[in-house]
1. How would M156, M86 line up by accessible area, probe 1.4 Å, largest first?
2. Can you send over the solvent-accessible area of E87, 1.4 Å probe, protein chains only, in Å² to the nearest 10?
3. Consider just the alpha-carbon atoms of segment 36-175 and return their Rg together with their Dmax, both in angstrom.
4. I need the calculated FRET efficiency for the pair I82 and V140, taking r as the beta carbon distance and R₀ as 35 Å, to the nearest 0.05.
5. Quickly rank 73-82, 105-114, 60-69 as a protection proxy: mean count of other C-beta atoms within 10 Å, highest first.
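The values are calculated or read from the model by the stated rules, or taken from the named source; none is laboratory data. On a predicted model such as this, the values are computed, not experimentally measured, just so you know. Please note: Cβ atoms are built from the backbone with ideal geometry, for glycine as well, and neighbour counts cover all protein chains shown. SASA here: full protein model, heavy atoms, side chains in, ligands and nucleic acids out. Shrake-Rupley method; radii C 1.70, N 1.55, O 1.52, S 1.80 Å.
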Amino acid sequence: MRGKIGQVVLSGLAALSLLGAAAPAMALQSARQAVAGAPTEETRALAARVIAITTPNMEKQLLDYMATVIAESGLRDEDARIGAWMEKNAGPILITHIRTFMGQVETVYATRFTAAELQAMVDFYESPLGRTVAEKQVQVGIETGELQEPMLLAYMTDLMSQLCAANDCGDGKNGAGGKSSRR
């Protein structure tokens, strides 16, 4: 059962990580820009608007995604009580953390972009084409998050396997020709 709970938790983490893909103004380009200084009331308000219009229905889509992951995990079949608890609580707990994260994202936007740049984003995302792009981006983010899940699991498995092959991971077996990392 821990494996199934782990799968659900990993899906939640992937959902959190995919928000970077779902929020278009968090592109790598913005991370490379020089910090403009402390956000102003104007840039905070514009940043909040950009986030709101670029993540339409995000919470509903993420809740639907988590419900699907939990249902497909078979957790309820293995332990009805735990499965029911996860169905009821995993999504809302995720949303609480996403709201915190999105508040932090707002600060990044308000710091990295000028008021003129943020206004240009608002203008674009409020246009018919911009609304279409914004509506698709959350779903694209969820779908790319699904692609991230197996990659992250494979990476962690490979990393830990190689780490333990080269070092003593507490199982009494030393890797790297018997050299313990504790020497």
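1. Per-residue accessible area, sorted high to low, gives M156, M86.
2. 90
3. Cα radius of gyration and Dmax of segment 36-175 are 20.6, 62 Å respectively.
4. 0.65
5. Going by the mean number of other Cβ atoms within 10 Å, highest first, we get 105-114, 60-69, 73-82.
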